[in-house]
Structure formats: C-alpha cells, structure tokens
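Okay, structure first, notes after.
Just so it is clear, none of the values below were taken in a lab; they were calculated from the coordinates. In this text, all values refer to a predicted model and were calculated from it rather than measured experimentally. All Cβ positions, even for glycine, are placed from backbone atoms using ideal geometry, and neighbour counts span all protein chains on display.
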Amino acid sequence: MKFDIRDLALADKGKLRIEWAKQSMPVLSMVKERFTEEKPLRGIKVSACLHVTTETAHLMETLKAGGAEAALCASNPLSTQDDAAASLVRDFEVPVFAIKGEDKETYYRHIESAIAFGPHVTMDDGADTISILHSQRRDLIPQVIAGTEETTTGVIRLRSMERKGVLAYPVIAVNDAQTKHLFDNRYGTGQSTIDGILRATNLLLAGKRFVVCGYGWCGRGVAMRARGMGSNVIIVEIDPLRALEAVMDGYAVMPILEAAKVGEIFVTVTGDLHVLRREHFLEMRDGVVVCNSGHFNVEIDIDALEAMAVSHRPIREFVEEYTLPGGRRLNLLGEGRLINLASAEGHPASVMDMSFANQALSVEFAVKSKGRLEKKVYPVPQEIDSEIARLKLRAIGIRIDELTEEQEKYLASWDMGT
Ligand SMILES: NC(=O)c1ccc[n+]([C@@H]2O[C@H](COP(=O)([O-])OP(=O)(O)OC[C@H]3O[C@@H](n4cnc5c(N)ncnc54)[C@H](O)[C@@H]3O)[C@@H](O)[C@H]2O)c1
C-alpha cells in the first residue's frame, strides 16, 4: 500500500485519540453498524480530500465498513493530525497522503496521489479534488459516479462550475444540510476558533475588542463564543440583512476601516478574498492579533503584510510577529490558514458526528442513484437531514413531542382560522 505520512510510530497515540473521538460520534457509529451489515458501498473507491483528523478517521472506517475502499489526502496543508494519519495507515489500512506543514507543492502532489486511486466517488472539503480532476485527470472522470462537498467555499466553487457548464458529474452539497451548517459551521467553528486563538496566544479575551469579519454561519458562532468569553464583539459585513441581524443580536457593526482602528483581535470567516489588506494594516494598533477561520488562506493579504513589514519573526508557535515601519507590531496566527485546525484540533467530534453522517449517507445516496443524477450540485435529501437530527437526539437522550391528530389536521388545512 502506498502512503506518505510523517511517521508511522505516531500510530499508537493516533489510535487512542481516534477512540476518544468515536465516543462522541454515536450517529456515525450507528451508520457504521448498518453499513457493516448491508455493505451498500461494496466495490466503490472513494478519494477523500478532507482535514486529516481523528473524526475523519471514523468516517474512513465507516466507508470501509460499507464495503468501500478509501484513499485520503489533506484539504489544508496545516490541518493534518500526523498521529491520526499514522493510525489510519497502520490500523485501518487507509492509504493517507498528508503531512502537517507540507509545502504547497507536496500538498498538490498528495491530492494527485489520492486521485490516482481511481475514484468512483470524490469527497471534498474545498473542491480541490474536483478542481484537479477537471483540469488534470479528465481521463478518470468517466468512472466517477458522484462527489460530495463539505464546506461553504467548496459549494460556491462547484455552483460556479455548474453555472459555467463545466461540472462533469453530480455533487452533493453536504455543507447545505441543516444538520451540517447549523451545528458544524456555527457551534463547531465558534468554539474551535476561540480554542485555536487561545492555544496560539494564551491571551485574555475578557474586555478585548474582538472583530469578526463575516456574520454567516461561522461568524455567528465565533461572535457568540467571543462574547461569552467577555469580549466586546464588533461585526463587519457586506450583506445588509446579515449586518442588520448582527445589530439586533446586540453587536457593534461598522466598516472594516473603522474596526481596524479599534480592534485588538481580528478573525476573518467570509470565504472572500483580501478582507484584511494593506489599508487596514496601516490603521491597526500595536500588538493586534490577526487570524482567519475561513476555508482558504486568502482572506488576509499576507503578501501585502510581508511587503509592508520591516521585519518579521516567529514569536510563539503559530504566531508570526510583523513589525511595520514606525514600530507597530501585528501578530498573524497560523500563516493565515484556518486557525481552529492549525493551532487547535478542529471541530469537536460531537458536531463532526453529524457532518460526517451526512457525508456517509450522501455517498450511499449517490451510489444508489447512479445514472439518475444530472451534472449538478444537489442538496442532501431532506430525509437524510431529518434522520440525522432524529438519531442525534436519540443518542443524547432527548425526547420531543409529536403532533396530535387534531394538530396535524389543523396544520394541513387552509380553511380553519381562529
Ligand atoms: N474553520 C472551519 O473549520 C470552517 C468550518 C465551516 C466553514 N468554514 C469556511 O468559513 C467560511 C465562511 O463559511 P460560512 O458557512 O459562515 O459562510 P456564509 O456564506 O454563511 O457567511 C459568510 C459571510 O461573510 C460575508 N462576507 C463576504 N465577503 C465579506 C467581506 N469582504 N467583508 C465582510 N463580510 C463579508 C457574507 O456576506 C456572509 O454573511 C467559508 O470559507 C467556509 O468554507 C470554515
């Protein structure tokens, strides 16, 4: 079996951490149990490009339990957990191509290796596999049944491919399932982004002016948790509706040029390009912390920062201190890559439980629908979404009410008023 990881000797540690994660992933475990009996993915090869974490290991195990073969590479050069990668290779016989901190060239070489596996299904977090398959390995496309996409940025890229008529096979937008973005993007990114900032800096958040750029699913979560830690949160938006929501949620809202003057910690979670750039760096106070939790490392214009700085040095692990002319210092965390995965461990397993149950069930749906789906981006079927919510509630021991017959009738009627 070919693979490329940091060190197989890390496998023992990885195995224990994978077991720990599994304890908080009951829904995926239930899917795995059914897959073990029914083998719905027999003969299917999956090339997965996801953050290589302990939770992803559980997903790989689930796919294999369903009869699939899976190869895995990283969806970000800094997010790989080398111990989880080692255990996946040694204990689960999954070929992994991922090393934390790999350079760009290695990152893309690793994606090519996972693609060379010859997939029937691609699984992406940011659409890199699909992008490379479409540009460099079109020879492999005819055998691909479908793909899945995990994150907002990937879904945006895929919708653009669909609109331009270049998408060559159907893709399920896992991100758009309610049991994904309502929990993973909001509570997962919310908590783990704060965790990443704290592990990288050990700063006190209480009383800090904390600027969140983007009040989408992730931004809402980050803002909510930063406020919970006692920060004074400022929201930056370009969408009037989201900005208004932030105002009514009780946050200060202002343009980034104003926020740049007063902020002490900045987090970008927009999926957009150069949200923090030269003109903003020029306004920032001495000692500010700047980081990103959006998918790609494009939200902060790092090239501009490097060009402006008179010097820079790593001052702590995951913290690069840039000194600007005049002596002001700006601290960039995790090379501008998603900070929750760079300096922390990504989302807690409990939310990945639902995201990855969506992945596993979407692959099953795509394989069962072979030949019936068009070359489009599809939502996760509503039944899958509801089933995951039902299973999660059951797993955590929460019961809810059911409609009475009278209520069902009332809600289905149009003629009953007061
Ligand atoms: N860190 C993680 O683990 C993680 C998890 C899930 C998603 N993501 C990524 O985070 C990003 C955001 O995801 P989301 O689900 O919140 O998306 P979303 O579409 O719900 O929210 C993005 C928000 O950013 C705003 N925005 C866009 N450009 C802006 C600008 N220049 N200035 C200010 N605001 C701007 C948009 O109006 C929108 O409200 C995506 O790149 C997504 O892939 C990261």
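Things worth noting here:
- Placing unit charges on each Cβ (+1 for Lys and Arg, -1 for Asp and Glu) gives the chain a dipole about its Cα centre, and among 275, 168, 381 the Cα reaching farthest toward its positive end belongs to 168.
- Computed from point charges on the beta carbon alone (+1 for Lys and Arg, -1 for Asp and Glu), the dipole magnitude for the range 282-418 about its Cα centre is near 380 Debye.
- Cut-off 20 Å, label 7 Å out along Cα→Cβ of residue 116, residues of the range 134-154 by amide N: 134-144
- For the range 1-69, the dipole from Cβ point charges (+1 on Lys and Arg, -1 on Asp and Glu) about the Cα centre works out to 100 debye, to the nearest 20.
- Dividing the convex hull volume of the alpha-carbon atoms in the range 273-376 by its residue count gives 131 Å³ per residue.
- Hydrophobic long helices, here whole DSSP H runs in the chain with Kyte-Doolittle means of at least -0.5 and Cα atoms spread over 27 Å or more along the helix axis, are found at 349-368.
- Here the chain is treated with +1 on each Lys and Arg Cβ and -1 on each Asp and Glu Cβ, and its dipole about the Cα centre works out to around 340 debye.
- One chain, two ends: residue 303 and residue 382. Fully extended at 0.36 nm per residue, the span grows by 24.1 nm beyond their Cα-Cα distance.
- Where only alpha carbons of the range 350-418 are counted, the Rg and the Dmax (Å): 17.2, 49
- Across 2/64; 180/376; 32/180; 164/370; 15/368, pairs whose alpha-carbon gap is larger than 29 Å: 15/368
- For the range 262-391, share of DSSP beta bridges that run antiparallel, in % to the nearest 5: 55
- From the largest down, the chain spans 69, 66, 45 angstrom on the principal axes of its Cα atoms.
- Each of the peptides 219-229, 389-399 was scored by the mean count of other Cβ atoms within 10 Å over its residues; in descending order, highest first, they stand as 219-229, 389-399.
- Estimated from the Cβ-Cβ distance and a Förster radius of 45 angstrom, the FRET efficiency linking residue 400 and residue 93 is about 0.65.
- Projecting the Cα atoms of 212, 28, 113 onto the dipole axis of the chain, where Lys and Arg carry +1 and Asp and Glu carry -1 at the beta carbon, places 113 farthest toward the positive end.
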